[in-house]
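Engineer: Dumping the structure here so I can ask a few things about it.
The values are calculated or read from the model by the stated rules, or taken from the named source; none is laboratory data. All values reported here derive from a predicted model rather than from experimental measurement. Please note: Cβ atoms are built from the backbone with ideal geometry, for glycine as well, and neighbour counts cover all protein chains shown. What goes into the accessible areas is simple: the full protein's heavy atoms, side chains included, and nothing from ligands, DNA or RNA. Shrake-Rupley method; radii C 1.70, N 1.55, O 1.52, S 1.80 Å.
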Amino acid sequence: IKPYLWAFVLIAIIGSYLLSTTSGLSFGFGELITLLGALFFAFQIIFVDKTSKFINPYKFCMIQIAIVAILSFIMMLIFEEVSFINVKKAFWFMVYAGVISSCIAYSFQMLGQKYAEPTIASIVMSLESVFALIFGFIFLNELMGEREIIGSILIFLSVICSQIPFENIFLKNNN
């Protein structure tokens, strides 16, 4: 990892923190779960980086989604009160989340990561929360507070700045 990228990773983490907290600058159980999720997502990005050049991204994605679906179904039966009436009501939302948000999005991730280094890919993928905020504002009339706006700006800046080849700029200035 290029040393200057660590600064942009930190900026994206701070931006994500500002987007995910609701009151005050606290760190509780929810933030711990979010941080653990981000850690596992980072492992997944590294794994995809190491394997995407050698495996079929569509087969890998289907295997990954099937495993998640099976484990989620088992966890639902263990920890949730199952109401098939509610499952029927949410059917099309679940289909959308499964097909669009999972299968298609992860297939694109696998294809895109063949051409991007994992650090930059993870910074770019942190834009997901920014777009969720923007679309929530546009379509659901959700409000954006100062904290969410600042967090979004920090993430956006980290994405843009991570694309700048600083080593080339400094090398040109030294010659």
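Engineer: Collect the residues in the range 97-124 that are open to solvent by less than 30 Å² (accessible area, probe 1.4 Å), of a type in the set (Gly, Ala, Ser) and closer than 16 Å to residue 55 by Cβ, keeping them in residue-number order.
Structural biologist: 107, the sole residue that qualifies.
Engineer: Next up: Given the residues 55, 1, which is the only one that is surrounded by 12 or more Cβ atoms within 10 Å (Cβ to Cβ), at pLDDT below 85, outside any helix (DSSP H, G or I) and not hydroxyl-bearing (Ser, Thr, Tyr)?
Structural biologist: 55
Engineer: Sort through 106, 96, 115 and tell me the only one that's over 16 Å from the mean Cα position of the chain (by Cα) and in a helix (DSSP H, G or I).
Structural biologist: Criteria check complete, one pass: 96.
Engineer: So how many residues does the range 143-154 have that are open to solvent by 60 Å² or more (accessible area, probe 1.4 Å) and without any contact (Cβ under 8 Å) to a residue 40 or more places away in the chain?
Structural biologist: Qualifying residue count, the range 143-154: 4.
Engineer: Against the conditions (1) in a helix (DSSP H, G or I); (2) modelled with pLDDT under 85; (3) open to solvent by 60 Å² or more (accessible area, probe 1.4 Å), where does residue 88 fall short? Just the number, please.
Structural biologist: For residue 88, the failing item is (2).
Engineer: Still on this structure, I have one more. From the list 140, 127, 157, pick out the single residue that is open to solvent by 50 Å² or more (accessible area, probe 1.4 Å), touching a helix residue (DSSP H, G or I) at 6+ places or on another chain (Cβ under 8 Å) and not small (Gly, Ala, Ser).
Structural biologist: 157
Engineer: A follow-up question, please. Cβ-Cβ distance below 8 Å, separation of 6 or more or different chains: which pairs start in the range 31-49 with a residue that is within 14 Å of residue 106 (Cα to Cα) and end on one that is at pLDDT below 75 and not in a helix (DSSP H, G or I)?
Structural biologist: Hits for this filter: zero, empty list.
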